[in-house]
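Structure first, commentary second.
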Amino acid sequence: MTAGPDPASTDSERWARAQERIEDLLLRGPRTMTRGEVQQRTGFTPEHTARLWSALGFPATADDVRGFAEADVDALELSGRLLEEDTFDEAEELAVARALGQGLGRLAEWQATLVRRTIAAAGKADDPDAIVEAVEALVPTLEELQSYVWRRHLAVTAGRMLATLAHPPEDGSSENRVVVGFADIVGFTSLSRKIDEVELRALLERFETVCTEVVARRHGRIVKTLGDEILFVAERVEDAVDIAFRLHDEVPDEEGRPTLRVGLALGEVLPRYGDVYGPVVNIASRLTSEARPGTVLVDEDLTEALRATDLDLDIRAVPQLSVRGYRHLRPHVIRERRG
């Protein structure tokens, strides 16, 4: 009597086929090449391809593993074309790869989680074919949307750059002189222990959604989100303080959760691959950690700039802060005068 197929083996084969189908879809073909064959096709040295692959955030692949598809070769050749056209050197190439890898890697993690939650909600988490179908349906739309959002952001950024070049600041200030702001959720660790996962997800979703809307509405830019904290920049001091006040007004829900604290500092930053660096960033971060719940704490340079505006603010000095590297940090609390 002939034995039937092993159910466990059959199930494993279904999941393996599902993985292959998804990889073929995303990589536009099967993985048929070893690392050495990719290097032969592109002409890159083994050291160069290894550094670039690592900078993109991908795990190392053994020499004898056929882990590369035609899409990988195309990507490396595109990178090589930028080097040939002197768009940037190898160090810049690796830095761009890191920025892309980190940003898009995080996006991919979120999108995979979204697919998993969608499948689970439909009661099909144990069906590999359903997962493949979900990916096949989502990927073209997500890819097109991502391309549009990137181009739209690039258009806004290019427009801002051209405007600055056409009309340089009359006071001779640098285009990199901005207001840096942090906003974080007060008592987040304690709060996260008191609510369940669903409530926590909703709270963070509200925080990020409202912050994104408020910052964009006042012509600022969110540099990054750090869990329970955002880092943003604004070119105009008026926009920066309005962002701070509106975050306090709009982020809390009907129960007053979450409460925020905000720190702002004015100064020169070093822009690098979408992030910002420099002492002013450190000052804004420290001011945020020292601010009381529901308040906005600003540094002395921003205080002076605000006093030169027409904003109706209550500006009050608070005791000096002892901050390593800044012996005389004199912060001020600012509040709106309403009514």
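What the table below lists for this structure:
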| item | result |
| --- | --- |
| Condition met for ARG316 (surrounded by fewer than 17 Cβ atoms within 10 Å (Cβ to Cβ), in contact with a His (Cβ under 7 Å, 6 or more places away or on another chain) and basic (Lys, Arg)) | yes |
| Candidates THR288, THR309, THR303 - the one that is within 23 Å of ILE185 (Cβ to Cβ) and hydroxyl-bearing (Ser, Thr, Tyr) | THR288 |
| Within segment 264-299, tally of residues that are acidic (Asp, Glu) and within 15 Å of ARG177 (Cβ to Cβ) | 2 |
| Options GLY227, GLY278, GLY267; residue that is within 28 Å of ARG201 (Cβ to Cβ) and of a type in the set (Gly, Ala, Ser) | GLY227 |
| Options VAL96, VAL135: the member that is in contact (Cβ under 8 Å) with a residue 60 or more places away in the chain, more than 26 Å from PRO30 (Cα to Cα), surrounded by 13 or more Cβ atoms within 10 Å (Cβ to Cβ) and not small (Gly, Ala, Ser) | VAL96 |
| Odd one out for TYR273 among (1) modelled with pLDDT under 95; (2) aromatic (Phe, Trp, Tyr); (3) touching a strand residue (DSSP E or B) at 6+ places or on another chain (Cβ under 6 Å) | (3) |
| Within segment 36-72, considering residues that are outside any loop (DSSP other than H, G, I, E, B) and aromatic (Phe, Trp, Tyr), the one farthest from ILE22 (Cα to Cα) | TRP53 |
| Tally of residues being touching a helix residue (DSSP H, G or I) at 6+ places or on another chain (Cβ under 9 Å) and of a type in the set (Gly, Ala, Ser) across segment 285-307 | 2 |
| Of residues in segment 252-269 being assigned to a loop (DSSP other than H, G, I, E, B) and either among the small types (Gly, Ala, Ser) or in contact (Cβ under 8 Å) with a residue 60 or more places away in the chain (or both), the one surrounded by the fewest Cβ atoms within 10 Å (Cβ to Cβ) | GLY256 |
| Any chance ARG221 is outside the structural domain of ARG117 (by TED's automatic domain parsing), of a type in the set (Lys, Arg), in contact with a strand residue (DSSP E or B) (Cβ under 7 Å, 6 or more places away or on another chain) and at negative phi | yes |
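This table checks each residue for (1) under 24 Å from GLU37 (Cα atoms); (2) outside any helix (DSSP H, G or I).
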{"residue": "ASP74", "(1), (2)": "yes, no"}
{"residue": "SER79", "(1), (2)": "yes, no"}
{"residue": "LEU83", "(1), (2)": "yes, no"}
{"residue": "PHE88", "(1), (2)": "no, yes"}
{"residue": "GLU93", "(1), (2)": "yes, no"}
{"residue": "GLN102", "(1), (2)": "no, no"}
{"residue": "GLY105", "(1), (2)": "no, no"}
{"residue": "ARG116", "(1), (2)": "no, no"}
{"residue": "ALA120", "(1), (2)": "no, no"}
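The values are calculated or read from the model by the stated rules, or taken from the named source; none is laboratory data. All of these numbers come straight from a predicted model, not from anything done at the bench. Neighbour counts are summed over all protein chains in view; Cβ atoms, including those assigned to glycine, are modelled from backbone coordinates with ideal geometry.
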